[in-house]
Amino acid sequence: MSDKARILFDALDLDHDGTLTRMEVMRALREKGPTLVARGVIPPWGVGDVDASAALFDAADQNGDCVLTFEEFATWADRRFGW
């Protein structure tokens, strides 16, 4: 799994509990998205509005438990962003 996936996951994990929730992802992308794009962590098209952030979470949540582990997130992010 890529280092970029780890950097992005850690940036989105606002409460630092090692998992991501839908609200956490939406809030983090809204607050940190432009900075993450500027740092090259995520492509510009990876940051969108609230609906796009929710869709990102839903696509990554393959088991439907409404929580993303790093492994689940990294598998999706590496494939989605081509890392």
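Could you run the Debye sum over the Cα atoms of the chain, one equal point scatterer each and no solvent, and tell me log10 of I(q)/I(0) at q = 0.15 Å⁻¹, two decimals?
Results for the chain at q = 0.15 Å⁻¹ read -0.44.
Want the number for Asp10 to Val50: 0.36 nm per residue separation, take away the alpha-carbon distance, what's left?
12.4 nm
If you average the sequence gap of Cα pairs under 8 Å that are 6 or more apart and divide by the length of the chain, what percent do you get for the contact order?
With pairs under 8 Å counted, the relative contact order is 39 percent.
Only the coordinates and a few stated rules stand behind these numbers; no lab work does. Please read all numbers here as calculations on a predicted model, not as lab measurements.
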